[in-house]
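These notes are about the structure you will find just below.
Readers should treat all values here as calculations from the given coordinates under stated rules, not as data from a laboratory. Bear in mind the structure is a predicted one, so any value in this text is a computation, not a measurement. Neighbour counts run over all protein chains shown; Cβ positions are idealised from the backbone, glycine included.
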Amino acid sequence: MSEQFEPLIIGYTCNWCSYRAADLAGTSRQKYAPNIRLIRLMCSGRFSPEFVLKAFAGGADGVMITGCHPGECHYIEQNLKAMRRFTLLRSTLKQMGIEPERFKLVWASAAEGIHLAQEIDKMVEQVRALGPLKLPVLAGVNGDTAAVPIHPAHVEEVEA
Amino acid sequence: MTDERIGVYVCRCGTNIAGVVDVDEVVRWAGESLAERGVVHAAASNFMCSTVGQETIENDIKEKGLTRLVVAACSPHLHEKTFRTACERAGLNPYLMDMVSIREHVSWVHVDKEAATHKAKAVIAGGVSRVAWHEELEPLEVPIHASTLIVGGGIAGIQAALEIADSGQQVYLVEREPSVGGHMAQFDKTFPTLDCSACILTPKMADIGVHPNVDLLTWSEVEDVDGYVGNFTVMVRKKARGIDESLCTGCGICEEKCPKKVVDEVFEAGLGYRKAIYTPFPQAVPNLPVIDKENCTYYDTGKCKACEKFCPTEAIRFEQEDEMLEIEVGNIILATGYDLFDARRIPQYGYGRLANVFTSLEFERMCNAAGPTNGSIVLRDGATAPQSVAIIHCVGSRDRNHNNYCSAICCMASLKFAHLVKERVPEADVFEFYIDMRTAFKDYDEFYQRVLEEDVHFIRGRVAEVTDAARLEGEEGKLIVQAEDTLIGKQRRIPVDMVVLSSGLQARHDAKEVAKLFGISCSADEWFIEKHPKLDPVATMTEGIFIAGCAQGPKDIPASVSQGAAAAARVLGRIQQGEIALEPVRASVIEEKCSGCRICNLLCPFSAITFDDVEMITEINAALCQGCGTCVAGCPSGAITGTQFSDQQVMAQLEGLLSLNGHERIAVQTSEPAAV
């Protein structure tokens, strides 16, 4: 017998499409991994980088942003602004040592409950394969080693 | 940590939630562990939304002095309003309540009871942390403009327009084609009563044409929609008809004299001709012709002008240009109808290749006394009556290669076709190839029984192929319909003279663009999505936009009429109220924090953000703001805040969600992989 790592994923969902897609997944009893916890925003364009950084700093192993398909935004084009912000942030996260698989942007319309459930399952599997988020110990400017903020659960591990 | 007195209410929803989530444990935990976050009371209810459940909340607010609430139940999209109203009745500002979903997002989607219970706790912790940051808000009251825009002049749109106009309110009815009437105007008879379609439709069309409260805009299309519920500004392109409407009397001489004949792909479904200047059918409303510029000889060669020469009132205007009309309306009803499935997409049925394969719409036109064959059922040669007819159901419907759904009307339409063949060519054999016979609704099955007794052959099985390749005796010169008769378990080859394909219904080819224009959503099949599939079938997620008829999904005439009337009732209710309360989810600028960088100025698609050149700061117009929050996220100074979705609220919810660690708690035992 072995223990399986269960990642914790935070999902920021658009009120108009993917939050309803999650509702639809529920109504149609589409099962998916319980590892995701959703936060409703009015639009994917509302997500700010702090939401993601704080999620990682606070213990999330992955963050999913979900919005309406391009061209179907309830607010005309704000999902495209989310996409721009997402792309920039993902490369920043990569530089911080956070794998791109931990930060995902998913388009899911209100009719795509099954699609959303599948994307959640896929992400849970990918992040599970990566293991818990461990931010690396980086070399400081003066050659000193400085630990970046670490997931509380792994503090001991890093210190050791 | 907080002075707030927070109440947590967890719904069992019968066994919907309690069957998976250990509700009692969640309540116990919330009462103990969330006390430090301000929870002073936690309780469960079998049905939180019931009167008893709501009364409990109201009493607790009053007796226990609760200042904030978290309701953990179904999706806020279902019952947020219910619990907000309960708060309001108890004297608590409704926006001090947060609803979290532990049914749609937890109990219905997760199997592992322990993990689901754990997640429910985390979700509630998120709600409790968030609600501490909620502010008292007042809904924004906006006036409702009393005029209504209806897009689509088929039977659903006509019904909606008449209901509203008859009640004394102004309606703009925009129709893309030259006349109102829609598909219903093309039909000959309507099932199951066999009423003449035109006889029951044209009086309504005539009403529309003369009604003092209806502004009829045919040969027109909506190009732009701006604003929000109660206050839409709509740009309509009134395409150039090529005539002066005030002079034209609709005498029809122009049409008679026009030398150019064109196949009528729209009204006659390709079965008949029209002229280059035409009214689509004799009872057209308005009775005004249009010039088809693409086919008119004058636009092509610069010569002809026969219509102008003969027009007794000199109404022809070749140089007329499209006109843009700006109209102000409070509500919009979309009744844009459907397209017929293109039978060419199933090549094995031979449509477009085998002359005597017809679509259902062609057959409707053929049966229509005003149609190209004057109502006689004949082969493509226009003269020979068929001695045998095969009617194939579910063409493009209930078919994984095309549309998965049932088009709902084809069984009844096919039965009607069988009856019409028997009525007009009594000696002809009629074969119905069906998968399942679907004759629900009033008097429909009785009609089926009637057709069963009219000596129509019913073969249960999906047709594999329609071919003209004769193999057996008696097949020469015939169309052979090959199908498995699943009731006797045998392959059948039925030679017939004529095949009618009961093509399914599908969403308009441009449904997605139209949905985008009006800010509503489409399903995967591109039908417009209603607010609730059962309880709110004509409203949409976008306030002020309603849908009716086949644009929402396949349906028959009675259902389309019902939806048209229902949408009208909803609109009239709004107009009656005079104003509507909007969610106060709006962004605003904290002046002292704004650096005047203008980054946010580029982020708003609603032009709600303007820059004050004197104060050098940005301003947000609350009436134009739609509350998406993109500017809140984009402001580098944190100078914009969004009510109901402020940074503090989202961050607090995040912190609450993460306060229950995932790792150790939901680690599950899995068996060791087998040794290789």
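Tabulated data for the structure shown
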{"read-out": "Highest-first arrangement of B:5-13, B:419-427, where packing means the average Cβ count within 10 Å", "value": "B:5-13, B:419-427"}
{"read-out": "Descending Cα extents along the principal axes, the range B:500-590, whole Å", "value": "66, 30, 20"}
{"read-out": "Given charges at Cβ of Lys, Arg, Asp, Glu: the range B:322-422 dipole, positive-most of B:Ile332, B:Ala370, B:Asn404", "value": "B:Asn404"}
{"read-out": "Charge dipole of the protein assembly as shown about the Cα centre (unit charges at C-beta), most positive-ward option of B:Pro347, B:Leu162, A:Phe47", "value": "B:Pro347"}
{"read-out": "Debye, to nearest 20: dipole size of the range B:553-624, +1 on Lys, Arg Cβ, -1 on Asp, Glu Cβ", "value": "500 debye"}
{"read-out": "Beta bridges by DSSP in chain B, antiparallel share as percent, to the nearest 5", "value": "50 percent"}
{"read-out": "Crossing angle, helix B:51-63 versus chain B [Cα axis fit, 0-90 degrees, rounded to tens]", "value": "30 degrees"}
{"read-out": "Normalised contact order of the range B:461-594, rounded percent, pairs of Cα under 8 Å and 6 or more residues apart", "value": "12 percent"}
{"read-out": "Point-charge dipole on Cβ atoms (K/R +1, D/E -1) for the protein assembly as shown, about Cα centre, debye to 20", "value": "1020 debye"}
{"read-out": "For the range B:85-155, convex hull of alpha carbons as volume per residue, Å³", "value": "202 Å³"}
{"read-out": "Spherically averaged projected area of the protein assembly as shown from its Cα convex hull (nm²)", "value": "46.8 nm²"}
{"read-out": "Residues with amide H under 5 Å from that of A:Ala33, placed H, sequence gap 5 or more", "value": "A:Asp121"}
{"read-out": "Alpha carbon convex hull of the range B:118-220, projected area averaged over orientations, nm²", "value": "12.9 nm²"}
{"read-out": "Per-selection Kirkwood Rh - the range B:178-291 (Cα, Å, 1 d.p.)", "value": "16.0 Å"}
{"read-out": "Student exercise, chain B dipole from Lys, Arg, Asp, Glu Cβ charges, in Debye to nearest 20", "value": "1260 debye"}
{"read-out": "Cα-derived Rg to Rh of the range B:250-295, Kirkwood definition", "value": "0.93"}
{"read-out": "Computed [θ] at 222 nm, deg cm²/dmol, chain B (DSSP H ≥ 4; -39,500 (n - 2.57); rounded to nearest 500)", "value": "-8000 deg cm²/dmol"}
{"read-out": "Exercise: per-residue mean of other protein chain Cβ atoms within 10 Å, A:104-112", "value": "2"}
{"read-out": "Bins of 10 Å from zero: percent of alpha-carbon pairs in the range B:15-151", "value": "12, 40, 31, 10, 6, 1"}
{"read-out": "Bridge type composition, the protein assembly as shown - antiparallel percent by DSSP, nearest 5", "value": "50 percent"}
{"read-out": "Between helix B:155-166 and chain B: long-axis angle, C-alpha atoms, 0 to 90°, nearest 10", "value": "70 degrees"}
{"read-out": "Net charge of Cβ neighbours under 10 Å - reference B:His509; Lys, Arg +1; Asp, Glu -1", "value": "-3"}
{"read-out": "Nonlocal amide H pairs with B:Gly272, under 5 Å, H built at 1.01 Å", "value": "B:Asp264"}
{"read-out": "Counting all C-alpha pairs of the range A:14-63, share separated by more than 17 Å (%)", "value": "45 percent"}
{"read-out": "For the range B:538-554 versus the range B:172-207, the gap between their alpha-carbon centres in whole angstrom", "value": "21 Å"}
{"read-out": "Mean projected area in nm² (Cα convex hull; one quarter of hull surface) for the range B:339-408", "value": "5.3 nm²"}
{"read-out": "Over the range B:570-659, relative contact order from alpha-carbon pairs under 8 Å, at least 6 apart, %", "value": "33 percent"}
{"read-out": "Reachable lysines, given that their alpha-carbon falls under 30 Å from the alpha-carbon of B:Lys442 and they are not under 8 places away in the same chain", "value": "B:Lys189, B:Lys204, B:Lys416, B:Lys422, B:Lys531, B:Lys534, B:Lys555"}
{"read-out": "Under the Karplus curve 6.51 cos²θ - 1.76 cosθ + 1.60, θ = phi - 60°, whole-Hz ³J(HN,Hα) for the range B:476-483, x wherever Gly or Pro sits", "value": "4, x, 10, 9, 9, 9, 9, 8"}
{"read-out": "Local net charge near B:Gly519, Cβ-Cβ under 11 Å (Lys/Arg +1, Asp/Glu -1)", "value": "-2"}
{"read-out": "Peptides B:395-405, B:332-342 ordered by average Cβ neighbours within 10 Å, highest first", "value": "B:332-342, B:395-405"}
{"read-out": "Whichever lysines have a C-alpha closer than 27 Å to that of B:Lys64, once near sequence neighbours (fewer than 8 apart) are set aside", "value": "B:Lys81, B:Lys121"}
{"read-out": "Chain B, relative contact order in percent, only Cα pairs under 8 angstrom and at least six apart counted", "value": "14 percent"}
{"read-out": "Fraction of the pair-distance distribution of the range B:182-231 above 13 Å, Cα-Cα pairs, percent", "value": "71 percent"}
{"read-out": "Equivalent ellipsoid semi-axes - Cα gyration tensor, the range B:575-627, angstrom", "value": "27, 11, 10"}
{"read-out": "Integer Hz, Karplus 6.51/-1.76/1.60 couplings in order for the range B:525-532, x for Gly and Pro", "value": "8, 6, 6, 5, 8, 7, 5, 9"}
{"read-out": "Expected-Rg normalisation [2.2 N^0.38 Å, Cα atoms] applied to the range B:541-647", "value": "1.52"}
{"read-out": "Cα Rg, Dmax (largest Cα-Cα span) when computed across the range B:414-470, Å", "value": "12.7, 43"}
{"read-out": "Principal-axis tilt of helix B:76-89 within chain B, Cα atoms, nearest 10 degrees", "value": "50 degrees"}
{"read-out": "Charge context of B:Gly154, other residues only, Cβ under 10 angstrom, K/R +1, D/E -1", "value": "-2"}
{"read-out": "Qualifying trypsin sites (Lys or Arg not before Pro) for the range B:469-577 [loop in DSSP, other Cβ within 10 Å: at most 13]", "value": "B:Arg471, B:Lys534"}
{"read-out": "Within straight-line cross-link reach of A:Lys94, lysines at Cα separation under 25 Å, skipping those fewer than 8 residues along the same chain", "value": "A:Lys54, A:Lys81, A:Lys104, A:Lys122, A:Lys134"}
{"read-out": "Among B:Ser521, B:Leu501, B:Leu479 - extreme Cα towards positive end, dipole of the range B:472-528, charges at beta-carbon", "value": "B:Ser521"}
{"read-out": "Neighbouring partner chain Cβ atoms per residue of A:72-79, average, 10 Å criterion", "value": "6"}
{"read-out": "³J(HN,Hα), Karplus 6.51/-1.76/1.60, whole Hz, each residue of the range B:254-266, x for Gly, Pro", "value": "4, 5, 5, 7, 4, x, 9, 9, 10, 5, 8, 7, 8"}
{"read-out": "Peptide-level mean, for A:27-37, of C-beta atoms on other protein chains within 10 Å", "value": "6"}
{"read-out": "Rg over Rh, two decimals, chain B (C-alpha only, Kirkwood Rh)", "value": "1.06"}
